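The values are calculated or read from the model by the stated rules, or taken from the named source; none is laboratory data. The shown structure was predicted, so the numbers you read here are calculated from the model rather than taken from an experiment. Positions of Cβ are generated from backbone atoms using ideal geometry, with glycine treated the same way; all protein chains shown enter the neighbour counts. Keep in mind that these areas ignore ligands, DNA and RNA; they rest on the heavy atoms of the full protein, side chains included. Shrake-Rupley method; radii C 1.70, N 1.55, O 1.52, S 1.80 Å.
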Amino acid sequence: MPSLVYALDISISMDKIYSNFKPSKLQASINSVAISARRAIIEEGLKTGLVVFAEWAVPLVYPTRNISHFLSALRLLGRTFLGSAPGDAVVEAVKVMRALHDHKKVVAVITDGDYNMGVPLEYALSYAKQSGVDLYIFVIGQIEETQLAGPYHQYKDIAHWVEVGSYEDLTSGLVKLVGGVSR
Amino acid sequence: MIIYAVDISRSARQYIEFQRSFVTQNAERCASDHEGFGLVVYASRAAPVIERTRDPRQLEEALAGAATMRGIPEPVKAVKEALEIIFYQRAGMPAVGDMLVLLWSMPKKPKIPVSYARAMANSVGVSLRVVGLQYGPPKWFRSYRYDPGVEIIYKRRLGESELARKIGCGP
């Protein structure tokens, strides 16, 4: 059975509005994650986890098929924090899947690309690849305008990079990913 | 299994001997109910010390040095380390009755919300007991209007025997 872990950026920059990510990028992303996690757990039976990150990264939900645990953890979110360490988040997400004997493991990072601390993303991407984890990075806005532009150009082929310009893009991207993972 | 997370921050220096004896006695009391014990130490960082032992004396020996670490204690980092131990010892399937006992000196507001600890433990199906090493909620709870989001059992309010009874050996 496949498993999926979301890595959600809860850094201060996610507090802002972008396009129709309202009332903030974070709140809209939480909604998108909730919609796709419902589909992943209830309809597809995927083990689904959640890592949140700012200057630190924490596995808030270890991969589970319990939707109420997942949604109640999402309800804890809303506050944002200093710093942004997506590399740490990728490492934590890969680590929580280490003990699972699932044939397919996928991590979906959701970030606005404000990247300023922690484990360099380059190493985290390599760790995910070496661990056999498929990595999708959903970037709110244009990658070229973010601090992820460097790693993106250098490691285009290691991860699947997805630019999302609207709330609908993110939601449908995540839902599509769930469909792809379970197939 | 039971994992103990011991606060070794400088602010917990006065509680280290208590934590050592509490952990050892609790493990001895629970030895027949549990297959093993683990130990994590933490301050602003956390580290696993014992992944699994059946001998409560090993916990006591590991804490004998009474070393401390700089930084404000971050309980969520300790919970993360402890759950990693349980998660891997159980190959991703924690057993009913697995428990995490977190001891916390509560000197200042941690950077990571303590409420996350509950969600993390729930998702793995591990019961979480948080022992506050103070008499009651510290002043900074009021000044930040801090809601820890977890039940805290205050050691100094209860006394040692009542505390031991309240922590017990599992759900």
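From (1) in contact (Cβ under 8 Å) with a residue 40 or more places away in the chain; (2) in a helix (DSSP H, G or I); (3) more than 16 Å from the chain's Cα centre (by Cα), pick out the condition that doesn't hold for B:Ser123. The one condition B:Ser123 does not meet is (1).
When residues of the stretch A:47-68 are filtered for being assigned to a loop (DSSP other than H, G, I, E, B) and surrounded by 24 or more Cβ atoms within 10 Å (Cβ to Cβ), how many remain? Counting residues in the stretch A:47-68 that are assigned to a loop (DSSP other than H, G, I, E, B) and surrounded by 24 or more Cβ atoms within 10 Å (Cβ to Cβ) gives 1. Restricting attention to the stretch B:62-78, the residues being more than 14 Å from chain A (Cβ to nearest Cβ) and not in a loop (DSSP other than H, G, I, E, B) number 2.
Within the stretch A:120-129, being part of a helix (DSSP H, G or I) and either open to solvent by 50 Å² or more (accessible area, probe 1.4 Å) or closer than 20 Å to A:Met14 by Cα (or both) holds for A:Leu121, A:Tyr123, A:Tyr127, A:Lys129. Against the conditions (1) within 14 Å of chain A (Cβ to nearest Cβ); (2) in a loop (DSSP other than H, G, I, E, B); (3) touching a Pro at 6+ places or on another chain (Cβ under 7 Å), B:Gly97 satisfies every one except (1). Residue selection: B:Ser115 satisfies the criterion of being touching an Asp or Glu at 6+ places or on another chain (Cβ under 8 Å), over 21 Å from B:Ala27 (Cβ atoms) and either within 7 Å of chain A (Cβ to nearest Cβ) or crowded, with 24+ Cβ neighbours inside 10 Å (or both). For B:Ser44, the conditions (1) in contact with a Leu (Cβ under 8 Å, 6 or more places away or on another chain); (2) open to solvent by 30 Å² or more (accessible area, probe 1.4 Å) are fulfilled apart from (1). Screening A:Met117, A:Met97 for residues that are touching a residue at least 12 places away in the same chain (Cβ under 8 Å) and open to solvent by less than 20 Å² (accessible area, probe 1.4 Å) leaves exactly one candidate, A:Met97. Scanning the stretch A:12-44 for residues that are over 18 Å from A:Leu60 (Cβ atoms), open to solvent by less than 20 Å² (accessible area, probe 1.4 Å) and of a type outside the set (Ser, Thr, Tyr) yields A:Phe21, A:Ala28. So, A:Ile41, is that one in a helix (DSSP H, G or I), in contact (Cβ under 8 Å) with a residue 40 or more places away in the chain and touching a strand residue (DSSP E or B) at 6+ places or on another chain (Cβ under 9 Å) or not? Taking the combined requirement at face value, the residue does not satisfy it.
Considered as a group, the residues in the stretch A:69-116 that are closer than 21 Å to A:Thr171 by Cβ, part of a helix (DSSP H, G or I) and out of contact with any Pro (no Cβ under 8 Å at 6 or more places or on another chain) include one that is nearest to the other protein chains (Cβ to nearest Cβ), and that residue is A:Ala73. Condition first: touching a helix residue (DSSP H, G or I) at 6+ places or on another chain (Cβ under 7 Å) and open to solvent by 10 Å² or more (accessible area, probe 1.4 Å). Now tell me which residues in the stretch B:65-79 satisfy that. Once the filter is applied, which keeps residues that are touching a helix residue (DSSP H, G or I) at 6+ places or on another chain (Cβ under 7 Å) and open to solvent by 10 Å² or more (accessible area, probe 1.4 Å), the stretch B:65-79 yields B:Ala66, B:Thr68, B:Arg70.
Kindly indicate whether A:Ile35 is over 16 Å from the mean Cα position of the chain (by Cα) and not in a loop (DSSP other than H, G, I, E, B). First the steps, then the outcome.
Values: over 16 Å from the mean Cα position of the chain (by Cα): no; not in a loop (DSSP other than H, G, I, E, B): yes.
Answer is no for this residue.
Specify which of the listed residues (B:Val131, B:Val124) is open to solvent by less than 50 Å² (accessible area, probe 1.4 Å), more than 10 Å from chain A (Cβ to nearest Cβ) and not acidic (Asp, Glu).
Details: B:Val124 fails: more than 10 Å from chain A (Cβ to nearest Cβ).
The match here is B:Val131.
The condition of being of a type outside the set (Val, Ile, Thr) and either surrounded by fewer than 14 Cβ atoms within 10 Å (Cβ to Cβ) or within 23 Å of A:Val91 (Cβ to Cβ) (or both) holds for only one of A:Gly141, A:Gly132, that being A:Gly132.
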